[in-house]
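The values are calculated or read from the model by the stated rules, or taken from the named source; none is laboratory data. Just so it is clear, the model here is predicted, and its values are computed rather than measured. Don't worry about glycine lacking a Cβ; one is built from the backbone with ideal geometry, like all the others, and counts go over all protein chains shown.
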Amino acid sequence: MDSKKVIITLIKINYEINIQLMTALKPYGISIQQFNVLRILRGQKGVAANLSTVQERMINKMSNTTRLIDKLIEKSFVERIICKENRRKIELFITNKGLVFLNQIDPVIDKVEEKMIGHLKNQDKEKVVSLLKQFDFS
């Protein structure tokens, strides 16, 4: 099989996955990128994150992280605190409202993910991940 067919198949699968996730998140008024930021901040377990930490962990590195965070602040899902000692240092935290929101939509996303790949055996899932990790982007 030639490389182009593999790449085209991956692009198509990526597109379909994104459509499924966007469709599931749309009724909640949140984008995939905003959802990703919330999960990153939840993973901090109460420890402050800064903008560069969030950007490093983002799935989509092309996202305008500042704009995403501003939208999440407007929704009261994220809190931005300016450090008193260093006014240039900004600390980000997920709010209780953000945690409650994630707990509400986690089962929705779990269901979508299960629908897409739940039919695969665990060893097949591990094989897919292993194969994908072999990509060379250098």
* Asked: When you go through K12, K97 one by one, which is the residue that is under 28 Å from K133 (Cβ atoms), assigned to a helix (DSSP H, G or I) and either modelled with pLDDT of 95 or more or in contact with an Asp or Glu (Cβ under 8 Å, 6 or more places away or on another chain) (or both)?
  -> K12
* Lone qualifier among K97, K71 - being within 25 Å of E113 (Cα to Cα), surrounded by 12 or more Cβ atoms within 10 Å (Cβ to Cβ) and either touching a residue at least 12 places away in the same chain (Cβ under 8 Å) or small (G, A, S) (or both) -> K97
* If only one of M22, M62 is under 26 Å from I7 (Cβ atoms), aliphatic (A, V, I, L, M) and assigned to a helix (DSSP H, G or I), which one is it? -> M22
* Structure fact -> Taking the stretch 48-63 and the residues there that are under 15 Å from R80 (Cβ atoms) and of a type outside the set (S, T, Y), the one that is surrounded by the fewest Cβ atoms within 10 Å (Cβ to Cβ) would be N50
* **Number of the exception - L92 against (1) surrounded by 16 or more Cβ atoms within 10 Å (Cβ to Cβ); (2) under 14 Å from the mean Cα position of the chain (by Cα); (3) without any contact (Cβ under 8 Å) to a residue 60 or more places away in the chain** => (2)
